[in-house]
1. Within the stretch 590-615, can you find the residues that are surrounded by 24 or more Cβ atoms within 10 Å (Cβ to Cβ) and either of a type in the set (Phe, Trp, Tyr) or not assigned by TED's automatic domain parsing to the domain that holds residue 627 (or both)?
2. Out of the stretch 48-82, which residues are in a strand (DSSP E or B), in contact (Cβ under 8 Å) with a residue 40 or more places away in the chain and either under 16 Å from residue 117 (Cα atoms) or not hydrophobic (A, V, I, L, M, F, W, C) (or both)?
3. Does any residue of the stretch 435-446 turn out to be in a strand (DSSP E or B), among the basic types (Lys, Arg) and either without any contact (Cβ under 8 Å) to a residue 24 or more places away in the chain or in the same structural domain as residue 568 (by TED's automatic domain parsing) (or both)?
4. Taking the stated definitions as given, is residue 107 in contact with a Ser or Thr (Cβ under 9 Å, 6 or more places away or on another chain), in the same structural domain as residue 216 (by TED's automatic domain parsing) and part of a strand (DSSP E or B)?
5. Sort through 382, 372 and tell me the only one that's touching a residue at least 12 places away in the same chain (Cβ under 8 Å) and on the phi > 0 side of the Ramachandran plot.
6. Restricted to the stretch 110-121, and to residues that are surrounded by fewer than 18 Cβ atoms within 10 Å (Cβ to Cβ) and without any contact (Cβ under 8 Å) to a residue 60 or more places away in the chain, which residue is farthest from residue 156 (Cα to Cα)?
7. Any idea which of (1) more than 21 Å from the chain's Cα centre (by Cα); (2) surrounded by fewer than 24 Cβ atoms within 10 Å (Cβ to Cβ) is the one residue 447 doesn't satisfy?
8. Would you mind telling me which numbered condition in (1) within 25 Å of residue 297 (Cα to Cα); (2) in contact (Cβ under 8 Å) with a residue 40 or more places away in the chain; (3) not aliphatic (A, V, I, L, M) residue 128 fails?
Amino acid sequence: MLRPALSLTLAVTLAGAAPVARDLGIPVRGVSWVRLNPGRTADGRASLLVSMSQNHGGLFVLDVDLTTGHCRQFPVKDAVHSTFATATCRSLRTGVLYLGSAWDAHLHRFDANHSERGIEDLGPIDPDGATFPTGITEAPDGSLWIGSYPGARLVRYDPTTGQFTRYGRIDPTEEYLYPQAGDDGSLAALVRVIRPHLVVINPATGEHQEVGPAIDDPTDKTKFLKLMKGVDRRLYVDSHAGKFRVDGMNLTPVDELPAPLPGIQWAGIHRYQAPLVMPRGWTAQFLDDNDVGAGTPRDLLLTNTDPTVPSRRLHLDWVGGGSNLHVMDVGPGGDLYGSSYMPNQLFRARVSAAAGGAVAVEDLGKHTFAMGEAYSLATVGGKVYLASYPEARLSVYDPAKPLHFGAGPGDNPRDLGRLDGVSYRPNALVATPDGRLWMGSAPDYGLVGGTLAWYDPATGRKGSHRGIVPDLSPASLLYLPELKQLLVGFSIEAGTGAKPARRSGAFGLWDPATEQLVWSGDLGLDDLADVSSLAPAGGGLVYALLGRGDHILAQGAPPITPRLVLLDPAKRAVVASAWLPKEFGPVSWHGLFALRVGPGGTVYGATANCLFRIKPGTCEVERVWQESRPPETAGTVWLTASDPNIIDVVGPIVGHEFYFATGWRLRALTLP
């Protein structure tokens, strides 16, 4: 095997005036982690509080007028860090709403009886590393038990004293914990995701132990484990191995489970067990976006337990600040298409040459049942295909047809479903000349080893291959017409909650006709990070950007400086390589699609802080635009876009315009 050429680190600052980035608008103003929190006020009136989450403006609570639909909107105090209300609990005793926020893991309180206080920040849930509250449950004494990620940590909060008692990890290896409290004093929690199981906890001491059935293979869909609170206010377990009641520190088999207690959330599931009936017999549900808890829900239906009382349909008038964008590319007609991040909304940006390049942005709404975000997209036959997290669901939009989302043949956009049962984060999507789409994905939670799957739009047929290089996940794909093969760039990314099994990524050549791996290797590159992006360099050569995004670092992988590589796939050799200058900053949080082909075939690249141009045939780079200071450490810059010039999403180059996103803002700059 040929050894790579001498590795260089070069940077040439361009002379002349630097280009200036322009804001083109906020394409999506949606919300996520939406929960209806019904209850009553101190004077006995029906009360509906709605908790919503967003990137720009932080989480907020709506106090809904059940006659008019008018919303009094209460924002969180720290809108930069308290963005998502990932855990909520409205006390059935006091009517107070408690919210756990990500990614700062703070506990908040909103009391409808004292709305003048707004959302009160009660402090950090567990400063030892918690970032994401997973569940909140109320015990008979009024105390709250809170689970958090990472570390599957358990915390008790006493509302009367304002004191937190922190019990640390409940499991030595797992990361997710979902507690539930019974009125008999029992306390239990689901632990996930590599080996889902149940623990019972002594609330007096915090002592805990595993009990009952577990799921040793999370890919076995015949195995299940649910924890719920019954109408008798005791805890019950439903599982593949039987039904049980939680009795203190033990499980007792039962023949039947009681009905679930209304107003209590399922442990580990983003919805209530059963709707709570408010005073005067009212229940509430959204008619739009009800299934996924994300989108732009405004259509509220109130129904009454008394069939003689007519229902009410209300339009909620909440105002959104903006949703982070997640992926974008050129689609049919030269328009830009992309997805936002929780909610997963499809947006389009129409570029008007007649108006001097002005862009009109529009939110096209839901395109998939996957509530997270699209990771990749491709255009085939005048239609836009998007691959989304979770479940790596594929969806399609035809700009020539009217909007009507669904899963049926006449719907547009249309959710096409999953290609297999393992794919979860679809990092790459590319078309091949036979008309098929190929999707590279990281695996489901708790698993190691991703998939390379395909879909044929003409026939609806599909197929999937897992672990074509063991323990790695396809992160980037590029079709090579000269070889009639796919160049695959691999990442060490494992499913969330699992740890990477390897330290280095790899390259591979895949024959789509025979569906076989032709070759794989590291091309002699030491410290080979994830192959985040691939771009044609002309003459059969390919540029590859190697980086280690924040999500990989969060899984415990060591950091590696971003590197540019010019390779010859036919010879399976490196032509040149260079470490990117440190002042360019890290590769953006995932690094996907960070290489883009510009005018004349020149390839451009981007980090989270810099746009650079590559001298053709070399790995020499020159800075085009940089107005952001690289952060001292990689972290969660992509979540808040607190730096006004961070490049969170690398978009395409159209003509001489480079499109990208900073948080919720669509932006562009003209290449010099």
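1. Scanning the stretch 590-615 gives a single hit, 593.
2. In the first step, residues of the stretch 48-82 are kept if they are in a strand (DSSP E or B); the result is 48-53, 60-64, 71-75, 82.
Still in the running and in contact (Cβ under 8 Å) with a residue 40 or more places away in the chain: 48-53, 60-64, 71-75.
Of everything in the stretch 48-82, those that are in a strand (DSSP E or B), in contact (Cβ under 8 Å) with a residue 40 or more places away in the chain and either under 16 Å from residue 117 (Cα atoms) or not hydrophobic (A, V, I, L, M, F, W, C) (or both) turn out to be 49, 51, 53, 60, 61, 62, 63, 72, 73, 74, 75.
3. So the first thing to find is which residues in the stretch 435-446 are in a strand (DSSP E or B), and the list is 437-443.
Subsequent filtering for residues that are among the basic types (Lys, Arg) retains none.
Scanning the stretch 435-446 turns up no residue that is in a strand (DSSP E or B), among the basic types (Lys, Arg) and either without any contact (Cβ under 8 Å) to a residue 24 or more places away in the chain or in the same structural domain as residue 568 (by TED's automatic domain parsing) (or both).
4. Working: in contact with a Ser or Thr (Cβ under 9 Å, 6 or more places away or on another chain): yes; in the same structural domain as residue 216 (by TED's automatic domain parsing): no; part of a strand (DSSP E or B): yes.
Taking the combined requirement at face value, the residue does not satisfy it.
5. On the way: 372 fails: on the phi > 0 side of the Ramachandran plot.
Checking each option against the conditions leaves just 382.
6. We begin by selecting, within the stretch 110-121, every residue surrounded by fewer than 18 Cβ atoms within 10 Å (Cβ to Cβ); these are 113-118, 120-121.
Next, from what is left, pick out any that are without any contact (Cβ under 8 Å) to a residue 60 or more places away in the chain: 114-118, 120-121.
Values: 114: 24, 115: 25, 116: 27, 117: 23, 118: 23, 120: 18, 121: 16 Å.
Among those that are surrounded by fewer than 18 Cβ atoms within 10 Å (Cβ to Cβ) and without any contact (Cβ under 8 Å) to a residue 60 or more places away in the chain, it is 116.
7. The one condition residue 447 does not meet is (1).
8. (1)
The values are calculated or read from the model by the stated rules, or taken from the named source; none is laboratory data. Everything numeric here is computed off the predicted structure, so don't read it as measured data. Positions of Cβ are backbone-derived with ideal geometry, glycine not excepted, and every protein chain shown enters the neighbour counts.
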